[in-house]
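Have a look at the structure below before the remarks.
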Amino acid sequence: MTRATLSRLPACLGTGGWLARAMPLAFRGSLNLGARCSSVATAIVAHQQYHAIRARRLCSSSAGGVNPRPQAPPPSVTIDNQTYATDSWFNIPPNVLSATSRQLHLQQDHPVAITRQILERVFPKPKFTTYNTHPPVVSTYQNFDSLGFPADHPGRSKSDTYYISRSTLLRTHTSAHQKQTFAFSNDASPGYLISADVYRRDEIDRCHYPVFHQMEGALTWDRRTVAGGDLAGAVWKDLEALPKHDIHVGDSNPAFHPKRNPLQIGHHTPSEAEAVAAHLKKSLEAMAVEIITRAREAAVASGISPQDAEQEEPLRVRWVEAYFPFTTPSWELEVFYGGDWLEVLGCGVVKQSLLVDAGTPCRVGWAFGIGLERIAMLLFNIPDIRLFWSRDERFLSQFAGLSAAVDKADFSGLRRFQPFSRFPECYKDVSFWLRSVSAAGGNTHGVGADDFHENDIMEIVREVAGDDVEDVRLVDEFTHPRTGRKSLCYRVNYRSLERTMTNEEVNAMHERVREKLVDRFRVELR
Ligand code: FA5
Ligand code: MG
């Protein structure tokens with residue numbers, strides 16, 4: 001029995017991006033604009049920029065919005081043995097719903113679970129309590145409001161988020177559990193780790209999947225119990241006890257910046273914020289060193305010479321400024337991997353308002369959120385995020401026995417993933433005119449509510465082709481000079497990770513994609 005069952009077949013009310021888009025434009029410069037897609041890392045970086053720059057509504061209401069054909073949602077869905085009533089906001093396709101039962105972070109010997117175990121050793125009990133079984137359905141309050149997301153944040157839109165109803169959704173990040181977890185913080189366990197599945201409507205490529213896994217981490221200090229009431233002094237003392245490393249970490253940022261990355265005036269003194277930030281960064285650098293060290297050991301154990309491994313992956317790590325509604329100052333950590341910079345986590349000094357709301361006003365601390373698949377890709381050299389969802393023994397057997405070994409601090413069995421085969425790719429284009437809607441056409445929906453979003457075509461392709469699609473890219477965009485109508489051309493790369501697909505099979509899939517585009521968005525195929 002899967003964790004998710006539908007009371008009847010669902011309809012996907014797709015409309016279609018996320019945190020980075022709320023980021024002030026100035027910060028987006030940290031994304032590597034010159035990235036090429038020659039490796040996992042470059043593909044990831046390329047898609048970060050792609051995400052930040054391209055993920056936007058392709059056709060706004062004023063320019064002629066498209067009303068997707070409304071489809072009735074199922075009356076309810078059952079996830080993790082809990083039944084939830086749906087409403088007209090329901091937009092979860094069956095493939096995403098069924099993924100709620102997988103919980104890869106808890107699956108023995110799965111690379112996502114092994115990665116979680118390695119990270120949990122970096123932030124050990126009892127200082128850090130682990131929470132790994134939070135159900136994926138949360139309220140909009142938990143996912144957004146409790147974290148101070150403004151009402152118009154793009155992450156709230158149906159184009160970016162999978163809703164069960166107007167007030168319940170599949171969490172888009174593990175930060176959704178911050179407030180409730182801070183409420184438990186005490187001196188016995190001042191820190192926590194939360195690992196869980198998270199869900200986002202997103203583009204399709206080797207590094208993006210609508211379901212992935214995050215680990216949230218946080219650590220706080222209580223002003224009332226630190227020695228001599230000296231918070232900054234206590235934090236610096238704890239920092240001295242962290243593991244030392246000798247890698248060079250690029251960090252050209254000030255501890256805080258009045259405009260770009262402000263101090264929480266009235267809550268923290270400059271020296272307190274500086275101490276918490278320094279502790280946060282050193283803790284996460286230790287984590288990065290651990291992962292890169294294990295990745296290198298795995299490469300050498302797989303037959304790569306230590307010199308080649310060193311040359312392939314020189315240890316380089318850097319901090320860039322970031323923005324999150326629930327931390328300030330904030331940063332992202334990037335690791336140099338496969339010839340490019342790869343963002344692995346976001347973090348910052350927790351907004352004091354959040355700790356006050358959680359009933360722990362005297363606590364001050366930091367939090368981070370890390371993408372487990374990205375770390376697992378680095379650790380095991382896994383080239384495509386779809387592989388994590390494979391039930392193929394040729395994939396799973398490569399990690400056999402590792403969960404038990406890592407539990408005993410035995411890392412000698414870590415190896416690079418050996419691709420079993422590379423099956424042929426098959427590119428198919430689909431070009432279409434977006435429907436133009438005149439004002440007289442009676443677009444009665446709120447501005448932007450029904451616009452065509454790139455995530456819509458991503459979702460249709462996923463619905464039809466499942467994991468047999470490697471990536472989908474916009475290859476042409478054209479606005480008719482006279483009519484103002486917009487035409488788009490997407491290139492779908494069909495490629496299975498497990499077998500060679502026949503031409504007929506791919507043609508049939510592509511035809512279904514075309515039909516669904518017409519049926520749902522009333523586009524005119526070209
Ligand atoms: C967040 O989700 C914040 N909640 C992180 C955070 C937590 C900040 C606590 C401050 C305090 P972001 O959207 O950048 O941030 O995602 C965090 C990490 O998740 C990324 O660095 C990346 O490693 C991973 N990630 C994000 N999107 C994807 C995706 N589509 N596929 C795979 N991994 C992803
Ligand atoms: Mg980010």
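Summary of values
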item	result
Contacts under 9 angstrom Cβ, first residue in region 105-128 being at positive phi, partner open to solvent by 10 Å² or more (accessible area, probe 1.4 Å) and part of a loop (DSSP other than H, G, I, E, B), 6 or more apart	D109/A400; D109/G401
Count of residues meeting criterion [within 24 Å of S305 (Cβ to Cβ), within 24 Å of the chain's Cα centre (by Cα) and open to solvent by 30 Å² or more (accessible area, probe 1.4 Å)] in region 373-418	3
Output for region 323-341, where each listed residue is more than 29 Å from N186 (Cβ to Cβ) and either near ligand 1 (Cβ under 8 Å from one of its atoms) or modelled with pLDDT of 95 or more (or both)	Y323, E332
Residue match in region 288-302 (condition: within 13 Å of ligand 1 (Cβ to nearest atom), modelled with pLDDT of 95 or more and not small (G, A, S))	no
Yes/no for E216 being at pLDDT below 95 and buried (at least 20 other Cβ atoms within 10 Å of the Cβ)	no
Any chance T360 is away from ligand 2 (no atom under 13 Å from the Cβ) and over 18 Å from H279 (Cα atoms)	yes
Helices (runs of 4 or more DSSP H) completely within region 290-409 that count 3 or more residues being among the hydrophobic types (A, V, I, L, M, F, W, C)	352-357, 372-380, 402-407
Residue satisfying all of: in region 166-188; assigned to a loop (DSSP other than H, G, I, E, B) and at pLDDT 95 or above; most open to solvent (accessible area, probe 1.4 Å) among these	R166
Tally, over region 200-213, of residues that are modelled with pLDDT of 95 or more, within 16 Å of ligand 2 (Cβ to nearest atom) and open to solvent by less than 10 Å² (accessible area, probe 1.4 Å)	1
Output for region 486-522, where each listed residue is part of a helix (DSSP H, G or I) and open to solvent by 30 Å² or more (accessible area, probe 1.4 Å)	N503, E504, E505, N507, A508, E511, R512, R514, E515, K516, V518, D519
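The values are calculated or read from the model by the stated rules, or taken from the named source; none is laboratory data. A quick note: this is a predicted structure, and the numbers were derived from the prediction, not measured. Note that we place each Cβ from the backbone using ideal geometry, even for glycine, and neighbour counts take in every protein chain shown. What goes into the accessible areas is simple: the full protein's heavy atoms, side chains included, and nothing from ligands, DNA or RNA. Shrake-Rupley method; radii C 1.70, N 1.55, O 1.52, S 1.80 Å.
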